[in-house]
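Colleague: Following this message is one structure expressed as structure tokens.
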Amino acid sequence: DVKVTQSSRYLVKRTGEKVFLECVQDMDHENMFWYRQDPGLGLRLIYFSYDVKMKEKGDIPEGYSVSREKKERFSLILESASTNQTSMYLCASSYSALGGTEAFFGQGTRLTVV
Amino acid sequence: GIQVEQSPPDLILQEGANSTLRCNFSDSVNNLQWFHQNPWGQLINLFYIPSGTKQNGRLSATTVATERYSLLYISSSQTTDSGVYFCAVGDTGANSKLTFGKGITLSVRP
């Protein structure tokens, strides 16, 4: 079974803190993604990566950065957390192939910024 | 980008009833998935179905790519089917970024 693991289920941070959300997958997937989910807005793509050290902006990258130093790990970084970044964050991974492949999600991290 | 619309937004069923959830999308896709979000927030894969029909127990799904829609059927619903159902589509290309609909909230009452 594919396993995508996020480092924390719940996280509370203070405004202005630097926050790291970690995601690890065990299926040797090339693609990894970070989404955030907000009530009424659904899931929106923040950043994705299709290879080690490669990254591309999604639909809402402002206020975030990412790091992919190893194939299995994709980190989302909030450089200076703000209250409007309180949200549910979901990581996903998939194989890279023409025609698209199935994506698998981690269990999610509920981040509260106070 | 691709637009994804799910309907109805909310659905209330009595246990044992059948239901159909719909997903319309605005452009050609090469990836379509249905997910169920559990009460703890995790997205559970139901179907990977860019085209055709698949069945898994009481659930089945059909995607008609040429007409840009997909349907998820739930038969003999159970209270454990409650939750939010998402349709997500991937644009052409190898990276398969998924664009999600806003979800359908299903409540199954005993």
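Colleague: Quick check: at a probe of 1.4 Å, how many percent of the accessible area of chain B sits on carbon and sulfur atoms?
Modeller: Whole-percent figure for carbon plus sulfur exposure: 47.
Colleague: Mind counting lysine pairs for me in the stretch A:4-113? Cα separation below 24 Å, and the two need to be 8 or more apart along the chain or on different chains.
Modeller: Step by step, the pairs that qualify in the stretch A:4-113 add up to 11.
Colleague: For chain A, which whole-number percentage of the solvent-accessible area (1.4 Å probe, protein heavy atoms only) is attributable to carbon and sulfur atoms? Let's see the in-between values first.
Modeller: Numbers: 2740 of 5450 Å².
Ligands and nucleic acids excluded, carbon and sulfur reach 50 percent.
Colleague: From the gyration tensor of the Cα coordinates in the stretch A:4-113, what semi-axes in whole Å does the equivalent ellipsoid have, largest first, with each one equal to sqrt(5λ)? Don't jump to the answer; show the numbers that get you there.
Modeller: Numbers: eigenvalues 101, 39, 33 Å².
Taking √(5λ) for each eigenvalue gives 22, 14, 13 Å, largest first.
Colleague: Here is a further query. Identify all aspartates and glutamates with a Cα-Cα distance to A:LYS3 below 17 Å; exclude those on the same chain that are fewer than 8 residues away in sequence.
Modeller: Within the straight-line cut-off, A:LYS3 pairs with A:GLU22, A:ASP26, A:ASP28, A:GLU30, A:GLU72, A:GLU102.
Colleague: Stretched out fully, how many nm does the piece from B:ARG68 to B:ILE2 gain, at 0.36 nm a residue minus the Cα gap? Could the numbers behind the result be given before it?
Modeller: Working: separation 66, 0.36 × 66 = 23.76 nm, distance 1.11 nm.
Here the answer is 22.7 nm.
Colleague: May I ask you to give the solvent-accessible area per residue for chain B, in square angstrom, as obtained with a 1.4 angstrom probe? Numbers along the way, then the final one.
Modeller: Numbers: 5090 Å² over 110 residues.
The answer is 46 Å² per residue.
Colleague: Okay, next question. If you wrap a convex hull around the Cα atoms of the protein assembly as shown, how much volume per residue is inside, in Å³? Mind dumping the intermediate values first?
Modeller: Working: hull volume 25.8 nm³, N = 224.
Normalising the Cα hull of the protein assembly as shown by residue number yields 115 Å³.
Colleague: Moving on. Given the options B:ALA61, B:ALA88, B:ALA17, which has the most mean-square fluctuation in a GNM of chain B, springs set between C-alpha atoms less than 10 angstrom apart?
Modeller: Maximum fluctuation in the GNM of chain B, among the listed residues, is at B:ALA17.
Colleague: Continuing with this model, one more query. To the nearest 10 square angstrom, how much accessible area does A:THR112 have with a 1.4 angstrom probe?
Modeller: 60 Å²
Colleague: Next up: Mind grabbing the interface size between A and B? I mean buried accessible area, both sides, 1.4 Å probe, in Å² to the nearest hundred. Before the final figure, lay out each step's value.
Modeller: Numbers: alone 6420 and 6070 Å², together 10540 Å².
Roughly 2000 Å² of accessible surface disappears when A and B pair.
Colleague: Can you list the residues of the stretch A:39-61 whose accessible area drops by at least 40 Å² going from the chain on its own to the full set of protein chains, with a 1.4 Å probe?
Modeller: A:LEU43, A:PHE48
The values are calculated or read from the model by the stated rules, or taken from the named source; none is laboratory data. Computed from a predicted structure; not experimentally measured. We work out accessible area using only protein heavy atoms, side chains counted, and drop any ligands, DNA or RNA first. Shrake-Rupley method; radii C 1.70, N 1.55, O 1.52, S 1.80 Å.
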